[in-house]
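Each value in this text was obtained by applying a stated rule to the coordinates, not by laboratory testing. Everything numeric in this text was worked out from a predicted model, so none of it was measured. Heads up, the Cβs are rebuilt from the backbone with ideal geometry, glycines too, and the neighbour counts pull from every protein chain shown.
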Ligand code: UDX
């Protein structure tokens, strides 16, 4: 099948490269001509494991092409819209999607089958489809949301739990719609259940799934706070809960709070949408404020362990990205932690293997008023960041932080506190080096280490 992908950002590139990999002829379009030139040389603007290889494969076997001009997609059977959905303030916004669909609808030479893959607030696709149909009644619009996680997007695409297709069909049964049939063919090489439904339901499946997972993480975070207060072991609690098949263990790991481009904006937007419809959603309303307060709670734990306010303390912040395996800093809890430290007057020495310069710029830009109190700088590696530090905070689960040489780091520090926000510090090794490790609000004791 000849498929056009509109937008060579994160979702567009993964979709384009994977569609080419499963046998389609794909032209990926972006208005940024410089980006297209770089892509044609195999130079990717995003860091995603396995994507470079698939793009190289597609360019080599000529099933994948990149272009900056709409003329390149004349003759494609389907156009899949993968343009961005965040506005300048990182809030969720379907405006670019709408403009792109209408641009396609206006030009009769371009594919009349338009599939929106960008995530939309429920209700948006139906209004975009109505506007597109008003421009050209031969246009058909479907919604096919993606469920790919950063750092595992390629494998998520190629082995999906389900493929969701939303369409408001005039063929009676949506499953009989020709556009649904085309998408079924396009995805045939993937072995996954197909959910065919209306546009609003497809949008809601996507957003409700993300907000549910965000709620699950938030629940685990609140349980970790309760466990710290009652003397329970948060790790044992979530492991024990997760064995219940109705609950499941995934997305139940407590940490510094969720981040990224999807969960935060959607956890804020879904309750806002409900309010606009006059619908009460007290559970959903609480997710975002609870998530933000998790970073403050971790820093409270540091303050308690230090037995003093943080003004003047030097804190090594290990990790800045919102999770490991990506250079994405959007709404990163590590940045929230850094800002909370600065606001409390600490100086922050940060290290991140992929996003140090950009992360520091973000810390400094967003925390400008607080900088009068603390200051932020970068270190060349994790060991250098810890040198002379009063405390270390592990904020992102980069695997290398699991194997830190505490025997070397401990003596180089001025203080003795390690706050493990990701449950990965080698506690016996750090303790043996004379350090006090606080994992999710609980300090490891010698007795606990002996029985472990
Ligand atoms: C998410 C969705 O999972 C994906 O389906 C959607 O298409 C895009 O948004 P992503 O933002 O890449 O993907 O990250 P994900 O791996 O889902 O993690 C989201 C956040 O939750 C991260 O900050 C992560 O650290 C945090 N998290 C996740 C936890 O704190 N605990 C967990 O147990 C799982």
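Of note:
- The chain: C-alpha pair distances exceeding 37 Å, %: 33 percent
- Tilt relative to the chain, helix 333-343 - C-alpha long axis, 0 to 90 degrees, to 10: 50 degrees
- Helix-derived mean residue ellipticity, 222 nm - over the chain, DSSP H n ≥ 4, -39500 (n - 2.57), to 500: -13000 deg cm²/dmol
- Note on the stretch 2-192: antiparallel DSSP beta bridges, both residues inside, total approximately 10 percent of the bridges counted.
- Share of pairwise Cα separations in the stretch 221-451, more than 28 Å, in percent: 30 percent
- Rg [Å, one decimal], Dmax [Å, integer] - the stretch 98-244, C-alpha atoms: 19.8, 67
- Axis angle, to the nearest 10 degrees, between helix 95-106 and the longest C-alpha principal axis of the chain: 20 degrees.
- Protection-proxy order for peptides 9-22, 280-293, 33-46, 94-107, each taking the mean of Cβ atoms within 10 Å per residue, highest first: 9-22, 94-107, 280-293, 33-46
- Overall Cα dimensions of the stretch 2-192, principal axis frame, Å, largest first: 42, 35, 34
- Fewest-first sequence of 205, 299 by Cβ atoms within 10 Å of each Cβ: 205, 299
- Where only C-alpha atoms are counted, convex hull volume of the stretch 279-383 per residue in Å³: 124 Å³
- Each part reduced to its alpha carbon centroid, the stretch 398-439 and the stretch 128-200 end up 48 Å apart.
- Residue order, fewest to most beta carbons within 10 Å, for 403, 187: 403, 187
- Helix 51-60 axis versus longest C-alpha principal axis of the chain: approximately 30°, rounded to the nearest ten.
- DSSP bridge orientation in the stretch 1-100 - percent antiparallel, rounded to nearest 5: 5 percent
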